[in-house]
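Values in this text are rule-based calculations from the coordinates and carry no lab data. Just so it is clear, the structure is predicted and the values come from calculations on it, not from any experiment. We place every Cβ from the backbone using ideal geometry, glycine too, and count neighbours over all the protein chains shown.
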């Protein structure tokens, strides 16, 4: 399952540089699939969503840091535990029950983004 950042976020930014998929963005910042991945041009994610990897996407949240679900792999293939949760001083990086994924799905997402 992907990780989400709750409203308790204090906007310290400790999580952002820890993400190996560059899936964490400051509130109100646009995001791109090409940020921190090998993706470019038109893509279809393992979840079936279509994007242009190079085009800016609307922010997920405008007030606090946020995690792009389609880019979050819970650090599978990089670390034993989600690094955002490890460094968060207020424990607001938590599992997102609305986006439950198996280990195989998370690994496939990692392989998709990092050729």
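Values as computed for the structure displayed
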| quantity | calculated |
| --- | --- |
| Per-q log10 I(q)/I(0), the chain, q = 0.11, 0.22, 0.24 Å⁻¹ (Debye; single scatterer per alpha-carbon; no solvent) | -0.31, -1.32, -1.53 |
| Semi-axis lengths (Å, descending) of the ellipsoid that matches the C-alpha gyration tensor of segment 1-64 | 22, 12, 12 |
| Degrees separating the helix 103-113 axis from the principal Cα axis of the chain, which is the longest one | 70 degrees |
| For segment 85-115 and segment 1-58, distance of Cα centres in Å | 11 Å |
| Sequence of 73, 6, 102, 37 once ranked by neighbouring C-beta atoms within 10 Å, starting from the fewest | 102, 6, 37, 73 |
